[in-house]
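Values in this text are rule-based calculations from the coordinates and carry no lab data. All figures in this text were calculated on a predicted structure; none of them were measured in a lab. Cβ coordinates were reconstructed from backbone atoms using ideal geometry, including for glycine residues, and neighbour counts include every protein chain displayed.
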Amino acid sequence: MSTNVPSITWTNGAPVLPAESAILAGVQADINAAFGGGVNPGLTTPQGQLAQTETAIIGDKNNQIAYIANQVNPAFASGIWQDAIGYIYFMSRIQASGTVVNATCVGAVGTVIPLGSIAQDSSGYLYASTAAATIPSSGSVTVQFQNQTTGPIACPIGSLNKIYTAVAGWNTVSNPAAGALGNNVESRAAFELRRQASVAVNAVNSIQSIQAAVLAVPNVLQAVVVDNSTNATVNYGSTSYPLAAHSICVSVAGGTSSAIATAIWNKKPPGCGYNGNTTVTIYDTTYATPIPYTVTYLTPTSTAAYFTVNIQNNPLLPSNIVSLVQNAVLASFNGQDGGTAVTINSTTYSGRYYANINAISSAVNVIEVYLGTSASPSTLSIAFGIDQLPTLSASNIAVVLV
C-alpha cells in the first residue's frame, strides 16, 4: 500500500524530518484517494479534523525517532542514554548530596566525636560528621557535618545547634558560618562536561586524576588538587597556604573521610607527601596481610562572604526589593542561576551578579556590587584560598537604595 505522506530521510546517518505541512498535504491526499476523490480539504470539516489528528500523530512519531537517534550523540544525550555513554568511560552520574557545614563542637578535653555523629539544625534536618574528631586542650574543635537530606538546603549561621547523637563529653554544637549548599542529581550539562574531562579518571600520578577520583566519591560537593614539585615549601593562593616540598594538597568539602582517603591513595604518585588537617589510615588489601597507609587531606574552613549592593532608588521598585536582591545574589553565588558557583580556590567578581539582580524588574538599576570577607565590603572581587569553603547567607547581603 502506497502513501503520499513523506517519510524520514537519512543523511550521513542523521534523520531529516519532513515538514508537518508536507505531512498534512500527504495525509489529505491519502484521504482524498481513499474516498475516490472530490473530498473537501477544509480543515474544519470532519475529514480535515482527521487529517490534522493523523498529521500530529505522525509528527510526534518522527520527533521521537529523531530524539532516539540523537541519544547516541554525547552532545545531545540525556538520562539513561547519557549514563550509558558514561559507562564507556567507567563513570557514573554524581548523585544528589547534602549541604556541608563546619561546626564548633565544645566539650571535655580528649573527647572523641566519632565519624557519623549526628547533629540537628533548627529546621529538624540531621547532619552527620564526615570524620572523627578529638576535642583538644582548648575545649573545642571544628567538625565538618553533612546534611543527610540531599539538595541545596540552607543552613544559616547558628542553626546547627542540637546534639542528636549523645556522646559523653560532647556538650554543644554550633556553626559560626552558613553551610555550603548541597546539590541535586548531576545535570545533563554537568555530566557531559565531566565526561569530556573523564580521560583523567583512568590515569594515575596526576592531579587531574586525583581530583576526578575524589569528585566521584559519594556526597563530595567540591574538590581541588594542587601540588608542589619543588624541594622547598611554597605558599599557595590568596591565603598563602603552605605546601610542603614534593607534596600534594587535596582540599575536599563533603564525603566521608575513609572514602576520600582511599580515592586519593589509589591515584597519587608513590612517595608523594600530603598537606592538610584531616588524617585517615587506610589499608592496601591486595596483600594477605593488609598494609596500613596514612593519608592526609585538607578540610577547608567555612569562610563567609559579605555583599553590599547599591541600587538606584525609584518608586517603581518592588516593595520586597531587599529580599529579591538577596535571593538573586544567593542564586548567583551558589550557581543556581545556571552560572558557575563560587568554590574552593576560586575568585568571584562583582560583574557576575549584575544580570541576575537586574532581571528582577525593569525598574532595577544596579549602581555597584561590593563584596569581601568582612562586613561593609568595598572591593569588587573576593579570592578564596584552597583552605577556604565559600559560604553566603542572606543576612550578609546588605541592599542599599541610593
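Normalised by the number of residues in region 100-174, the average gap of Cα pairs under 8 Å and 6 or more apart makes the relative contact order 42 percent. Fewest-first ordering of V225, V402, V217 by other beta carbons within 10 Å of each residue's beta carbon gives V402, V217, V225. Estimated from helical segments only, the mean residue ellipticity of the chain at 222 nm is -8000 deg cm²/dmol, where each DSSP H run of four or more residues counts as -39500 (n - 2.57).
The C-alpha atoms of region 1-112 occupy a region whose extents along the principal axes are 97, 35, 18 Å, arranged from largest to smallest.
If you model region 100-174 as an ellipsoid using its alpha carbon gyration tensor, with each semi-axis the square root of five times an eigenvalue, the axes come out at 20, 11, 10 Å, biggest first.
The separation of region 26-102 from region 334-402, counted between C-alpha centres, amounts to 41 Å.
Given a Förster radius of 30 Å and the C-beta distance between N235 and T281 as r, what FRET efficiency does 1/(1 + (r/R0)^6) yield to the nearest 0.05? So the FRET efficiency works out to roughly 0.55. Simple point charges give the picture: +1 on the Cβ of Lys and Arg, -1 on the Cβ of Asp and Glu, and for the chain a dipole about the Cα centre of about 540 debye. Using C-alpha pairs below 8 Å separated by at least 6 residues, the relative contact order for the chain is 12 percent. Against the chain, whose longest principal axis is taken from its Cα atoms, helix 46-70 shows a tilt of about 40°. Relative to the dominant Cα principal axis of the chain, helix 321-333 is inclined by about 80°. Which one, I85, I31, I65, has the greatest fluctuation when you compute a Gaussian network model over the chain with C-alpha springs under 10 angstrom? Ranking I85, I31, I65 by mean-square fluctuation puts I31 first.
Taken along the Cα-to-beta-carbon direction at a fixed 7 Å, the label points for A355 and A75 span 2.1 nm.
Name the residue, out of G338, G38, G351, whose mean-square fluctuation peaks in a Gaussian network model built on the chain with Cα pairs under 10 Å. Fluctuation is largest for G38.
Build a GNM of the chain with springs between Cα atoms under 10 Å apart, and of P74, P15, P41 the one that fluctuates most is P41. Extending 7 Å from Cα along the Cβ direction at L401 and again at S92 yields two label points whose distance is 5.2 nm.
Ordering W81, V101, N183 by the projection of their Cα atoms onto the charge dipole of the chain, which places +1 on the Cβ of Lys and Arg and -1 on the Cβ of Asp and Glu, puts V101 at the extreme positive end. Let me have the relative contact order for region 235-316, percent, based on Cα pairs under 8 Å that are six or more residues apart. Taking the mean separation of contacting Cα pairs over the length of region 235-316, I get 29 percent. Over region 302-401, the fraction of Cα-Cα pairs per 5 Å bin, rounded to whole percents and listed from the shortest bin up, is 2, 14, 26, 26, 17, 8, 3, 1, 0.
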